[in-house]
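First up is the structure itself, then whatever we jot down about it.
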Protein chains: 2
Amino acid sequence: MLSTGLPHGAVPKLERPGPLRERVYEALLELITSRALRPGQHLVETELAGLLGVSRQPVREALQRLNTEGWVDLRPAQGAFVHEPTEDEADQLLVVRALLETEAARLAAAHATTEGLERLGELCAKGEDAVRADEVDAVVAANAAFHAEVMSLAGNAVLAELAAQVDQRVRWYYTPVARVRGMQSWREHRELIDAIAARDEAAASRIMRAHTEHTRASYHERADRTEGE
Amino acid sequence: MLSTGLPHGAVPKLERPGPLRERVYEALLELITSRALRPGQHLVETELAGLLGVSRQPVREALQRLNTEGWVDLRPAQGAFVHEPTEDEADQLLVVRALLETEAARLAAAHATTEGLERLGELCAKGEDAVRADEVDAVVAANAAFHAEVMSLAGNAVLAELAAQVDQRVRWYYTPVARVRGMQSWREHRELIDAIAARDEAAASRIMRAHTEHTRASYHERADRTEGE
DNA sequence: CGACAAAATATTGTCTACAGTATTCTTTTT
DNA sequence: AAAAAGAATACTGTAGACAATATTTTGTCG
């Protein structure tokens, strides 16, 4: 049952204008990524509709989209279930993410502007400050912003869109192991900036590959540790 | 009820029509890729519904999915329009496709089984026959099957799904220039098989990269030619 | 004759209702 | 008492209706 364990006050509010389906989509995505809706849980359309104060239709359309993006599984005549990630799938996502990010770094080295490099530097500084201040949320946010900026500099919208989806799902799968690698991660970011500034595609590619591999190893390390508990 | 002598659960469920939205989705995708619905065209829900003999609801759900997959643009309060590919976007898709296919080749070299190599050989032979017989459709089909098999051998479902989507869109964008590179393309396929058989990841990667680059060049060549007409 | 305004039309967005199907509970039979 | 058949329930799938909004047409004024 859905109503169990859902804080009614924490439900994202739907205020902004625009199509209802969009806001329902965002609300549901938030509920899923925040684990208010847990993997495997059966999502009953009428429950969600009532919860969000809309009819079933916008909910259905939101669920359709969440389905094609891999957040929920839509079993015919049975309904929507929050997707349950497997070990294999999580690892495959990391592989794909590494691939996309690496290519983005290479393209960024080829196309970056001085303004772009400046923005990267600022984001890096912000991240380093956050690490020093030990503010986990700020570190995570700065990290995401940094990678997003690299992706933006790559100038490939198709690549960016795929990466955005993969990234969000990776973050979801691995939130239980809340990864923070500390200052080392930002030293690698600095290296990457230098490579991009030097227009050295090979170096940028190599550095990003190593960086994502480190992050991946960090994920698995934490995952293994929680496994043993 | 007539006693069939079989337990209820063991009766294999005969192929049901399945959800209408699925068939509507497939029908619309076919109409788009076949260019019966042209880029930029306004898709009126009631017209499509009438055309397919269903109500607006399944049509809407199909359009939602087509939207998230990039086939149609959904402008709020205005409706669905068949996506209009730009020159930039088409090229970006080719870049991403090359990236995904190259990684797939590398992974295939790492994981391929002897049965898999056998299947690749058969598909290659089929393609070569089709080239000799000058059967364009068969060549295209064999080519798609070959690449799909490589992707399958890579053993990464996430990568495969992304590649499938990107591939189909690439094919759509470039159908006007119906590309056939002839036997050279299949010589490259043979090289790739050898590299995979040798478990040589670097070689497989390099060959697939070159292969997709050749195909890309072929696309642009044809596109430039039609441009000038 | 052209530009602007207002009504008319067309189309999407949302809600409600009903039909089809899977699941659960109850009853019956061995 | 256990298993199977049957009824009851719950939920999804689809359809149709109504409301909101954009577009087009028409009419009017400068």
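Listed values, structure above:
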{"read-out": "Residue under evaluation A:Cys124, criteria (1) at positive phi; (2) touching a Lys or Arg at 6+ places or on another chain (Cβ under 8 Å); (3) not small (Gly, Ala, Ser), criterion not met", "value": "(1)"}
{"read-out": "Residue in the stretch A:143-153 that is within 10 Å of chain B (Cβ to nearest Cβ), over 10 Å from A:Glu101 (Cα atoms), part of a helix (DSSP H, G or I) and within 13 Å of the chain's Cα centre (by Cα) present", "value": "no"}
{"read-out": "Residue within the stretch B:94-114 that is free of Cβ contacts under 8 Å to residues at least 60 places away in the same chain, within 17 Å of the chain's Cα centre (by Cα) and crowded, with 21+ Cβ neighbours inside 10 Å present", "value": "yes"}
{"read-out": "Members of the stretch B:80-109 that are aliphatic (A, V, I, L, M) and within 16 Å of DNA strand C (Cβ to nearest atom)", "value": "B:Ala80, B:Val82"}
{"read-out": "Some residue of the stretch B:54-64 being in contact with a helix residue (DSSP H, G or I) (Cβ under 6 Å, 6 or more places away or on another chain), away from DNA strand C (no atom under 11 Å from the Cβ) and without any contact (Cβ under 8 Å) to a residue 40 or more places away in the chain", "value": "yes"}
{"read-out": "A:Glu103 charged (D, E, K, R) and touching a Gly at 6+ places or on another chain (Cβ under 9 Å)", "value": "no"}
{"read-out": "Where B:Gln78 falls short, out of the listed (1) out of contact with any Ser or Thr (no Cβ under 7 Å at 6 or more places or on another chain); (2) within 12 Å of chain A (Cβ to nearest Cβ); (3) touching a residue at least 40 places away in the same chain (Cβ under 8 Å)", "value": "(3)"}
{"read-out": "Options A:Ala157, A:Ala130, A:Ala198, A:Ala142: the member that is crowded, with 21+ Cβ neighbours inside 10 Å and not assigned by TED's automatic domain parsing to the domain that holds A:Ile32", "value": "A:Ala142"}
{"read-out": "B:Ala160 vs. criteria at pLDDT 95 or above and farther than 30 Å from B:Leu31 by Cβ", "value": "no"}
{"read-out": "Scan of the stretch A:160-190 for residues that are closer than 21 Å to A:Ala109 by Cβ, among the small types (Gly, Ala, Ser) and surrounded by fewer than 16 Cβ atoms within 10 Å (Cβ to Cβ), ordered by number", "value": "A:Ala164"}
{"read-out": "Residues (within 16 Å of DNA strand D (Cβ to nearest atom), within 14 Å of chain A (Cβ to nearest Cβ) and either outside any loop (DSSP other than H, G, I, E, B) or surrounded by 15 or more Cβ atoms within 10 Å (Cβ to Cβ) (or both)) located in the stretch B:29-71", "value": "B:Glu45, B:Arg56, B:Gln57, B:Pro58, B:Val59, B:Arg60, B:Glu61, B:Ala62, B:Leu63, B:Gln64, B:Arg65, B:Leu66"}
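A quick yes/no check of all residues on (1) within 14 Å of another protein chain (Cβ to nearest Cβ); (2) in a strand (DSSP E or B); (3) more than 18 Å from B:Ala163 (Cβ to Cβ); (4) at pLDDT 95 or above:
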position	(1), (2), (3), (4)
B:Asp91	yes, no, no, no
B:Arg97	yes, no, no, yes
B:Glu101	yes, no, no, yes
B:Ala104	yes, no, no, yes
B:Glu122	no, no, yes, yes
B:Gly127	no, no, yes, no
B:Ala130	no, no, yes, no
B:Ala138	no, no, yes, no
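The values are calculated or read from the model by the stated rules, or taken from the named source; none is laboratory data. All values derive from a computational prediction rather than experimental measurement. Note that each Cβ is placed from the backbone with ideal geometry, even for glycine, and that neighbours are counted across all protein chains shown.
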